[in-house]
Amino acid sequence: MNNHYSLRLEEIILRAANKKKELFNVVGSQSSAAISFLLSQHFSIHFNGLPTLVVVSSLDDAELFAKQISFFSNEFRCHILKHFDVQPYSGLYPSPSASWDRSKFLYWANQPNAEKNNIFIAPISALQQKSAPFNNFSKRCRAIKSGDELPTNLAEYFHDLGYQPAPVVEDRGQYSIRGGIVDIFSVAEEKPIRIELFGDQVETLRYFSNVSQLSEEETRVLNLAPVFEYELDDDNLESVVKKFRKQLEGRPVPHAERDELLRELTQKTLFPGAEYLLPYSYDSLVSPLEHFSSGLNVIVVDPVEVARRADEYYQEVVADYRAAETTLFKPETDELYFSFDKVVYPEGSQTFQFSNLAFLTEESFTEERIEYRSSPLTEFTQLAYNKTPGSTEWISVAAPKLQLWRKEKYKIFISFKNHTQLDRLKNLLDRLEVAFEVAPSSGAASYDWDKWLGFLDQPNQPVVLVPRDLGETVLLHEEQIIFLRADDFFGRKQRAAAQSSYEEFSKNAKRLSFGDLKPNDLVVHVKHGIGIYEGLKIMNVGGIDSEFIQVAYKDKDKLYLPVYRVGQLQKFSGAAQTTVLDKLGGVGWEKTTSKVKKHLRDIAAELLQLYAKRAEITRFPLVLDEVLYGKFERSFPYDETNDQLRAIHEIQKDFHSDHPMDRLVCGDVGFGKTEVSMRAAFQAVANKKQVAVLAPTTVLTFQHLETFKKRFAGFNYEIRSLNRFVSPADQKKTLAEVKDGKVDILIGTHRIFSKDVVFKDLGLLIIDEEQKFGVLHKEKIKKLKTNVDTLTLSATPIPRTLNMSFTGVRDLSIINTPPVDRLPTRTFVSKFDTELIRKGITAEIARGGQVYFIHNRVQSIYGIADELRQIVPDARMKVAHGQMGEEDLEASMLAFFNHEIDVLICTSIVESGMDVPRANTMFIDQAHMFGLSQLYQLRGRVGRSKSRAYCYLLMPKDKRIEKDAQERLKIIQDNSALGSGIKIAQYDLELRGAGNILGDDQSGHVNSVGYEMYMDLLNEALAEAKGENTPDAELDPEINLRIPALIPDNYIKDIRIRLSYYKALADIKSQEDLDQIEAELKDQFGDLPDPVVNLMGLMLIRRQCKNLGVRDISAGLKNVSLIFTEQTKLKPQTAIQLAMRENKKYSITPDQRLNVRMNAITWSAVYEELQYLLSLV
């Protein structure tokens, strides 16, 4: 940045600094945007060259500040110091990310060049948590450069620093060693780094993507910091154990837990909660600020709130310490924490306190007061909430305000988040007759503040539209600068939206799912049926090593499938407990598939009739009343996610068509499908159409009624419900008014299908969780749907539903981005502990919330309920499980929904139940007994409001947990980020109600062949019914070229990764697909060995054979022979003409093979020959 433009704030501070004061009280502003603008001008370098530390009151404020720095400049790196998200006295384990961020902060704090482009940000509570001594921590840090020698035993070196080995490096704290290539994600880096070694010497260092695994730009240095602050090695192990034992003395800590931890400690294994070893690792801990090698420019934002939060935090620490008796870790509070008055900044520091309040103290020799004002412009931001943006009333107020600012030489900037906002903003500014300039979206010109501030320093200059989100609206009086947000013009509250990862997932899901195959998993072979996967096996065939997939069948028969034919194999998805293995070479599988095919031909014919009928049905398009719809849209108190906006847009397109809509909106738990459906309902009722909302349970209809009434408040529409909670008299009245058209929206169960329910003009049917309706109800839905717009909402896991969408029965909208104000649910793994449960329940009730306690065994659920009543006698509790009577179950559920009880003790029946925003704590007893998807669905019941939610995965006290169960719990804890359902699905895709999209229950047929095979067969049946020419789906040519073609285990050691690449290669459609896989392999594992190159060539040949219609290609010494299918594209006369050529290169054998004479048998020579034959087609 060329700093030609000087900020007034900087000039004021520089003048004040000449007085050599230590404390500067900046009065009149605590705007983080103003301070971040100041820092982005390289303030500390101009001022005194000291590093800058920004102290704020909370982690949210710290993250906002870092975002604002990046708004003003892309030249700075922000490092946020965090504290453990739970204290050692809680009995819970902290999130590892807090430790990673602390290590990163401390690493950069003690770097000599830290002041150049680093800004350090700390919530006050993070400064109150003590750190490892500087000398101990810094000796474990290292800056690795090209030419450096790495330790010979690299794995041990990384382990000592706390790094964990992983087959693929995806997260901080992981490493992978593959021969001369080492991947590591240092906690001190923003991205993982790939090291290329020559022996033990570093040759090159490159960043790489932890998503695609592809290398990116080179870097000069790898900054390597220890993963955790604590240190555990042979030198201090005895001391750590001694200190740990001492703090256990006199406390009733359970012996089993104590002994297990001591065992793990002596073995130096990483265990949950190991971060708490910090106070036992050293003689004493120090302030994180001691890691800075000089004084600091300390900027304190809102010092009053900082002090209040600090006192509150320390009081909480002390109270928790006193209450902790049975926790494993209980260091003295002053061993790990400071009180606020003990937080001391390094010698030589200067402190700048920004506050709206003036401190009533006389100025001293060490303090200086500075006046600097900012205003939040509340009056302007409220305009769009009180008046419709773009309306005459809004323009009449907004235009004079903007014109006055410009006339008075205010420099105006408006930040926007995306192109949709930009287009709307341009339109509004044109109507306001305000000139504007759009800043470039990337490069140095996107941060040219000197230029903008220079040319704006004149009357009536254009406003600048900046393509980033500032997160604050503020007027800086002394600077005469105004920062507005696009949201200020639209009436939107500002919140940060997460990005959807759906595209990346859908591309890799199938491949990753197959890569997760484990021995003894069920698989489906397209020709031989269901067997058991037993692993990969290398066998020598004709003197050539080849890799085969070993599959076991009934009566211990074995199938060895060449890896190039892996496309014939699928991971079985279905009800495994009902599955019977097929007999290899038997007729059972053929009978099964024939039966399913016959069934599917009927379905395909039915579908074609449905397509034809829908094509014949027309209706008048639904018009959009922009003003009325805009008012409804603005009354939504949150910012829609991009996925929600896309779904809403797709529904509007359907409404504008002259054919009825049939759309499925599919999304993760609680991601805003209901709001999308309410937008559709509003457009329908605004067009004088009636809306029916259908839900599978009475409880859900009750909830939908409450939700719709609340959302439609202020709009004159009549909303009623029909279920058995409605009295007969009210039902009679509702039915009459529905028939007369006086009811606009009717919400009900299958009661809506009754003959006495007659709509005057039904326009839209909204179906919630259609798969939960029975067969008869689905038939009624199908009849009702033929001539009305239909919107179906489903929380079905996305990969499965995506596969269903190709049938064309429904259009599909995916919502895979979390609501913009949603906080991720904190997930803890803990032993069953009565004190932990008591604290969790009482804390939730104290903040007005409710608690789910999941216990999935009906036989013992009442015993657990009695135990919980003893633990928390004051809490109101009820039990709910599926074996109760329907009315009793609904009574319990509604009591919970209406907040008549505090704790619902239930089985997993609530997995896809009501939305209870007050319920923000969940305990899952015996969590290791649940599958991943089930755990994820259950956890989705909490965290459905703006409050932070907590999920406790409880393990039995004295029982050893299987490794797989531990892995499941680890995955669910690690994937607490919103939208993790997609990641979870990769690990644990379960089949639930597949086939229901077609109307009747297909689960029996699905379970007989597996889900993927079922969908393949359905696709074939549809194509056949449409009379389309389809390639021979069953054709998978036999290829025998007598060349080694496999991925050697010394090239890719991890079987899962090998499997996923075999599957990816089997699915290639073109040379470009192959090029991409080759680039991936080379980047991650180094140069390709010959067998891998041969395998890739074989996969190209396989694709050519399928295209040409070759079912067998075999190599002799000097020739290859081809056997064609009856559907081959090569005409017989063409083959005869080839055989009649004088060079005798081609010949036809009596058994109808085409022989091709070749000088050398290589895959490339065969490939070229097949290319030539294809050119003759």
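The values are calculated or read from the model by the stated rules, or taken from the named source; none is laboratory data. Because the structure is a prediction, the values reported are computed rather than measured. For neighbour counting, all protein chains shown are included, and Cβ atoms are generated from backbone atoms with ideal geometry for every residue, glycine included.
The number of residues in segment 86-115 that are within 23 Å of the chain's Cα centre (by Cα), crowded, with 21+ Cβ neighbours inside 10 Å and in a helix (DSSP H, G or I) comes to 3. Consider segment 223-242 and keep the residues that are crowded, with 19+ Cβ neighbours inside 10 Å and among the charged types (D, E, K, R). The one that is nearest to the chain's Cα centre (by Cα) is Glu229. Every listed requirement among (1) touching a Phe, Trp or Tyr at 6+ places or on another chain (Cβ under 8 Å); (2) assigned to a loop (DSSP other than H, G, I, E, B) is met by His83 save one, (1).
Among the candidates Lys710, Lys732, Lys688, the residue that is of a type outside the set (A, V, I, L, M) and part of a loop (DSSP other than H, G, I, E, B) is uniquely Lys688.
Can you confirm whether Pro660 is buried (at least 16 other Cβ atoms within 10 Å of the Cβ), at pLDDT below 90 and closer than 22 Å to Val623 by Cα? Yes, satisfied. Provide a single number: the residues in segment 1156-1177 that are more than 20 Å from Arg1141 (Cα to Cα) and assigned to a loop (DSSP other than H, G, I, E, B). So the answer is 3.
If you check Ser727 against the conditions, is it over 24 Å from Ser892 (Cα atoms) and among the hydroxyl-bearing types (Ser, Thr, Tyr)?
Details: over 24 Å from Ser892 (Cα atoms): no; among the hydroxyl-bearing types (Ser, Thr, Tyr): yes.
So Ser727 does not fit the description; no.
Quick one: is His649 over 30 Å from Ala891 (Cβ atoms), assigned to a loop (DSSP other than H, G, I, E, B) and not assigned by TED's automatic domain parsing to the domain that holds Asp888? Break it down into steps so the answer makes sense when it comes.
Numbers: over 30 Å from Ala891 (Cβ atoms): yes; assigned to a loop (DSSP other than H, G, I, E, B): no; not assigned by TED's automatic domain parsing to the domain that holds Asp888: yes.
Taking the combined requirement at face value, the residue does not satisfy it.
Among the residues of segment 522-575 satisfying the criterion of being among the acidic types (Asp, Glu) and in a strand (DSSP E or B), which is nearest to Lys591 (Cα to Cα)?
Keep residues of segment 522-575 that are among the acidic types (Asp, Glu), which gives 534, 545, 547, 555, 557.
Now drop any that are not in a strand (DSSP E or B), which leaves 534, 545, 547.
Values: Glu534: 25, Asp545: 36, Glu547: 31 Å.
Filtering segment 522-575 for residues that are among the acidic types (Asp, Glu) and in a strand (DSSP E or B), the one nearest to Lys591 (Cα to Cα) comes out as Glu534.
Residues in segment 255-295 that are surrounded by 16 or more Cβ atoms within 10 Å (Cβ to Cβ) and of a type in the set (D, E, K, R) were compared, and the one that is nearest to the chain's Cα centre (by Cα) is Glu275.
Checking Gly848, Gly885 one by one, the residue that is outside the structural domain of Thr707 (by TED's automatic domain parsing) and within 26 Å of Val86 (Cα to Cα) is Gly848 and no other.
Which of the following residues is more than 23 Å from Tyr1061 (Cα to Cα) and among the hydroxyl-bearing types (Ser, Thr, Tyr): Thr1162, Thr1125? Even if it seems obvious, please write down each step before you answer.
Numbers: Thr1162 fails: more than 23 Å from Tyr1061 (Cα to Cα).
When all the criteria are applied, what remains is Thr1125.
Kindly indicate whether Lys598 is under 26 Å from Ser1008 (Cα atoms) and in a helix (DSSP H, G or I). Here the answer is yes, as Lys598 does meet what is asked.
May I ask you to list the residues in segment 877-899 that are assigned to a loop (DSSP other than H, G, I, E, B) and either among the aliphatic types (A, V, I, L, M) or surrounded by 15 or more Cβ atoms within 10 Å (Cβ to Cβ) (or both)? Don't jump to the end; show me each part of the working.
The first filter runs over segment 877-899 and keeps only residues assigned to a loop (DSSP other than H, G, I, E, B), leaving 881-885, 898-899.
Passing the criteria: His881, Met884.
Conditions (1) at pLDDT below 70; (2) in the same structural domain as Lys653 (by TED's automatic domain parsing); (3) under 37 Å from the mean Cα position of the chain (by Cα), marked per residue:
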| residue | (1), (2), (3) |
| --- | --- |
| Thr707 | no, yes, yes |
| Phe712 | no, yes, yes |
| Arg724 | no, yes, no |
| Gln731 | no, yes, no |
| Leu765 | no, yes, yes |
| Ser805 | yes, yes, yes |
| Pro818 | yes, no, yes |
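Within segment 70-80, the presence of a residue that is closer than 24 Å to Ser284 by Cα, over 26 Å from the mean Cα position of the chain (by Cα) and surrounded by fewer than 22 Cβ atoms within 10 Å (Cβ to Cβ) is excluded.
Between Lys1145, Lys1131, Lys1118, the distinction of being of a type in the set (Lys, Arg), exposed (fewer than 13 other Cβ atoms within 10 Å of the Cβ) and in contact with a strand residue (DSSP E or B) (Cβ under 7 Å, 6 or more places away or on another chain) belongs to Lys1118 only.
Being touching a Ser or Thr at 6+ places or on another chain (Cβ under 8 Å) and among the acidic types (Asp, Glu) narrows it down to one residue among Asp85, Asp101; which is it?
Numbers: Asp101 fails: touching a Ser or Thr at 6+ places or on another chain (Cβ under 8 Å).
Selected residue: Asp85, the only one of Asp85, Asp101 that is touching a Ser or Thr at 6+ places or on another chain (Cβ under 8 Å) and among the acidic types (Asp, Glu).
If only one of Val665, Val685, Val676 is closer than 27 Å to Leu812 by Cα, aliphatic (A, V, I, L, M) and modelled with pLDDT under 90, which one is it? Walk me through how you get there before you give the answer.
Working: Val685 fails: modelled with pLDDT under 90; Val676 fails: modelled with pLDDT under 90.
Answer to the selection: Val665.
Flag set for Pro331, criterion: modelled with pLDDT of 85 or more and either surrounded by fewer than 19 Cβ atoms within 10 Å (Cβ to Cβ) or out of contact with any strand residue (DSSP E or B) (no Cβ under 8 Å at 6 or more places or on another chain) (or both). Taken over segment 195-216, the criterion of being under 26 Å from the mean Cα position of the chain (by Cα), surrounded by fewer than 13 Cβ atoms within 10 Å (Cβ to Cβ) and of a type in the set (Asp, Glu) is satisfied by no residue.
Kindly establish whether Gly630 is at positive phi and outside the structural domain of Arg1102 (by TED's automatic domain parsing). Here the answer is no, as Gly630 does not meet what is asked. For Thr269, work out the one condition from (1) in contact (Cβ under 8 Å) with a residue 12 or more places away in the chain; (2) part of a loop (DSSP other than H, G, I, E, B) it doesn't fulfil. Thr269 satisfies all of (1) in contact (Cβ under 8 Å) with a residue 12 or more places away in the chain; (2) part of a loop (DSSP other than H, G, I, E, B) except (1).
Any residue at all in segment 1123-1140 that's in a strand (DSSP E or B), touching a Ser or Thr at 6+ places or on another chain (Cβ under 7 Å) and either within 28 Å of Glu547 (Cα to Cα) or in contact (Cβ under 8 Å) with a residue 24 or more places away in the chain (or both)? Looking for residues that are in a strand (DSSP E or B), touching a Ser or Thr at 6+ places or on another chain (Cβ under 7 Å) and either within 28 Å of Glu547 (Cα to Cα) or in contact (Cβ under 8 Å) with a residue 24 or more places away in the chain (or both), one finds none in segment 1123-1140, hence no.
Taking segment 900-916 as the range and being within 17 Å of Gly840 (Cα to Cα) and surrounded by fewer than 21 Cβ atoms within 10 Å (Cβ to Cβ) as the test, only Ile901 passes.
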